[in-house]
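The structure appears below as structure tokens.
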Amino acid sequence: MKYVVIGAGMMGSAAAYDLATRNPNDQIILADINIQQAKHTAAAIGPNVQPVRIDVNNTRDVITLIEGAGAVISAVSYSVNYPMSKAAIEAGVSMCDLGGNNDVVEKQMTLDEAAKAEGVTIVPNCGLAPGLINILAVEGSKEFETLDSIHLRVGGLPQNPKPPLYYQIVFSVEGLINEYVEKAIVIQDGELKLIDPMSGLEDIEFPPPFGTLEAFNTSGGLSMLTKVFAGKVRNLDYKTIRYKGHCEKFKTLLDLGFATNEPMMVGGSVKTNREFFADLLRKKLDYGEKDVVLARATITGKTATAEKTLVYEFVDYYDDATKMTAMMRTTAFPTSIVAQMLANGVITQRGVLVPELCVPGKLMIDELAKRNVKITKTVTEVWR
């Protein structure tokens, strides 16, 4: 079988690694516009990974490359996931991507009938959040007769935080800024609401060495969950976990206009404040040190006999053996698993479907455990 991973950056490399090590007899094509990077990564992974140069803006070349594949992973910017989806449908190949932008996902959803007509499945938002945490929310909700609340909390953090922001870049800077400046959609008291990002600051506890951290509203993490649970849950929200003090300091920078689209002169060229800010964050917050990912999904509601609380939780660390960050592991591995489910016929639905609607949650948890991403489940019941 042939798998194609488009994008040889951190996430694409980790996805290719997982595909290659789990399927040593299959051909893994790792494609990127930077052929040297693709070659370097392919050589580091193993002999069944073939580097290829591809320009994702050349649709015909993309279609030619992916034809006949069992599944395709788009590990490039979310800005091209819509044309990538169209190319996959034309090639008759199922595809999954890392997502990251609700507007793009909504546009991909308009291809649902076209995907069904060609007998393929497109699965956006297969990373960590949105992605894995959403799958856990839906999987846990199946154990309730009525739901009260679903609270999702996720954070990628440095193991050794440095002032002043106690943070380091662990994924796309553009994605980080999006989360911090776009409105968040939540369900409060049964009603769909649009709320300010970086609001709703709360304390959250994790086992040592972390202790008390903070969490606050950010955009995008819920993906389609507000539609999935509309009329079924009283409260639904997603918050990002950070070390204490981060929210106040970063929000001050945003309040000063650092992430606006106002143009400014930088070294003789025109850039927006946001572009300049992104460049600055890359330079100042790319410490390259070991990271950790913390995640928790808390679901409350009722069964026929009890009031119940179900908690999924995991803490995943940088892997010294593979030199792979926790963010790479918890974002790329779920995406790779979805691609293998598509190729192996585990996912049988056709069309454009977010993972929480088509990925078997228990199987995802079991597969991640094989990769040493261990998700615990705790249930507390009060009998009525």
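The values are calculated or read from the model by the stated rules, or taken from the named source; none is laboratory data. In this text, all values refer to a predicted model and were calculated from it rather than measured experimentally. Cβ coordinates were reconstructed from backbone atoms using ideal geometry, including for glycine residues, and neighbour counts include every protein chain displayed. In case anyone asks, the SASA skips ligands and DNA or RNA and just uses the protein heavy atoms, side chains included. Shrake-Rupley method; radii C 1.70, N 1.55, O 1.52, S 1.80 Å.
Below, the figures for the structure above:
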{"quantity": "Extreme residue, nearest to Leu368 (Cα to Cα), among residues of the stretch 287-307 that are open to solvent by less than 30 Å² (accessible area, probe 1.4 Å) and modelled with pLDDT under 95", "calculated": "Thr303"}
{"quantity": "Subset of the stretch 237-276 (residues that are in contact with a helix residue (DSSP H, G or I) (Cβ under 7 Å, 6 or more places away or on another chain) and touching a residue at least 24 places away in the same chain (Cβ under 8 Å))", "calculated": "Thr240, Phe250, Leu254, Ala259, Arg274"}
{"quantity": "Selection status of Lys39, open to solvent by 10 Å² or more (accessible area, probe 1.4 Å) and touching a strand residue (DSSP E or B) at 6+ places or on another chain (Cβ under 7 Å)", "calculated": "yes"}
{"quantity": "Gly351 vs. criteria surrounded by fewer than 15 Cβ atoms within 10 Å (Cβ to Cβ) and either more than 17 Å from the chain's Cα centre (by Cα) or at pLDDT below 95 (or both)", "calculated": "no"}
{"quantity": "Filter result (among the β-branched types (Val, Ile, Thr) and within 15 Å of Leu152 (Cβ to Cβ)) within the stretch 196-254", "calculated": "Ile204, Thr218, Thr226, Val228, Val233, Thr240, Ile241"}
{"quantity": "Residue list for the stretch 362-380, restricted to those being surrounded by 13 or more Cβ atoms within 10 Å (Cβ to Cβ) and farther than 15 Å from Phe314 by Cα", "calculated": "Leu363"}
{"quantity": "Residue list for the stretch 244-263, restricted to those being surrounded by 14 or more Cβ atoms within 10 Å (Cβ to Cβ) and either touching a strand residue (DSSP E or B) at 6+ places or on another chain (Cβ under 6 Å) or part of a strand (DSSP E or B) (or both)", "calculated": "Lys244, Cys247"}
{"quantity": "Criterion (modelled with pLDDT of 95 or more, outside any loop (DSSP other than H, G, I, E, B) and either over 21 Å from Thr240 (Cα atoms) or not aromatic (Phe, Trp, Tyr) (or both)) met by exactly one of Asp279, Asp316", "calculated": "Asp316"}
{"quantity": "Meets criteria (at pLDDT 95 or above and over 10 Å from Ile122 (Cβ atoms)) for Ala69", "calculated": "yes"}
{"quantity": "Thr348 in a helix (DSSP H, G or I) and either of a type in the set (D, E, K, R) or closer than 29 Å to Lys227 by Cα (or both)", "calculated": "no"}
{"quantity": "In the stretch 1-34, the residues that are of a type in the set (A, V, I, L, M, F, W, C), over 18 Å from Thr322 (Cβ atoms) and open to solvent by 40 Å² or more (accessible area, probe 1.4 Å)", "calculated": "Met1, Ile33"}
{"quantity": "Which numbered condition Pro208 misses (of (1) modelled with pLDDT of 90 or more; (2) in contact with a Leu (Cβ under 9 Å, 6 or more places away or on another chain); (3) open to solvent by 40 Å² or more (accessible area, probe 1.4 Å))", "calculated": "(2)"}
{"quantity": "Residue satisfying condition, being closer than 30 Å to Lys116 by Cα and open to solvent by less than 30 Å² (accessible area, probe 1.4 Å), within set Val346, Val338", "calculated": "Val338"}
{"quantity": "Matching residues, the stretch 146-187, being in contact with a helix residue (DSSP H, G or I) (Cβ under 8 Å, 6 or more places away or on another chain), at pLDDT 95 or above and open to solvent by 20 Å² or more (accessible area, probe 1.4 Å)", "calculated": "Leu147"}
